[in-house]
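Here the structure comes first, spelled out in structure tokens, and everything after it is commentary.
The values are calculated or read from the model by the stated rules, or taken from the named source; none is laboratory data. Because the structure is predicted, anything quoted here is derived from the model rather than measured. In this analysis, Cβ positions are derived from the backbone assuming ideal geometry, glycine residues included, and neighbour counts consider all displayed protein chains.
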Amino acid sequence: MNVAALPLPVEFFPMSERDLDGVAALEAGLQAFPWTRGNFADSLHAGYSAWVARIGGELIGFSIVMRVLDEAHLLNIGVAERFQGRGYGARMLRNAMECAALAGAHRMFLEVRPANGRAVELYKHFGFRQIGLRKGYYPAAIGREDALVFEKELA
């Protein structure tokens, strides 16, 4: 057995103001058009379900979910590049879905770039299904990029 391949234990914590610089920096390293620190701060102030994942105190991921009545919308999720492909994205997504369900959401929606094949496969693996397409949703290097709209029943 390759011990180095075993996933390290991850802990989840509610995102706080003191996490914002680290979360914004992590996001900036992941996206060509990242959310700003202000976007994350606005999410906290709006009362969205915002979580960070840490390994040994090191920030490795985050998620932001907005809940309205019995629906949840996964607004943003990210895992530090060096931790990708090791199951941490799945853990982040599972945590986001469980928190949404515990808060009363029966369904979760999200948008994803069609070019983000790893994310599309992750969402499908968790039972999300495509229900639509948003034309020109994301900024892109040239013009705009469409978004696939996915949905999953939580309860």
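Which number in (1) in a loop (DSSP other than H, G, I, E, B); (2) closer than 27 Å to GLY127 by Cα; (3) in contact with a strand residue (DSSP E or B) (Cβ under 8 Å, 6 or more places away or on another chain) marks the one condition that PHE33 misses?
For PHE33, the failing item is (2).
For the list (1) without any contact (Cβ under 8 Å) to a residue 24 or more places away in the chain; (2) more than 25 Å from ALA25 (Cβ to Cβ); (3) part of a strand (DSSP E or B), I need the number of the one condition that ASP146 fails.
(1)
Failed condition for GLN130, given (1) crowded, with 17+ Cβ neighbours inside 10 Å; (2) in contact with a helix residue (DSSP H, G or I) (Cβ under 9 Å, 6 or more places away or on another chain); (3) more than 14 Å from GLN31 (Cβ to Cβ); (4) of a type in the set (S, T, N, Q), with all others met?
Tallying (1) crowded, with 17+ Cβ neighbours inside 10 Å; (2) in contact with a helix residue (DSSP H, G or I) (Cβ under 9 Å, 6 or more places away or on another chain); (3) more than 14 Å from GLN31 (Cβ to Cβ); (4) of a type in the set (S, T, N, Q), GLN130 fails exactly one: (1).
Give me the residue from the stretch 36-92 that is assigned to a strand (DSSP E or B) and polar (S, T, N, Q) and, out of that set, surrounded by the most Cβ atoms within 10 Å (Cβ to Cβ).
Per the criteria, the residue is SER63.
List, please: which pairs have Cβ atoms under 9 Å, are six or more places apart or on different chains, and start with a residue in the stretch 2-16 that is part of a loop (DSSP other than H, G, I, E, B) and end with one that is surrounded by fewer than 12 Cβ atoms within 10 Å (Cβ to Cβ) and at pLDDT 60 or above?
From residues that are part of a loop (DSSP other than H, G, I, E, B), the pairs are LEU8/GLY56; PRO9/GLY56.
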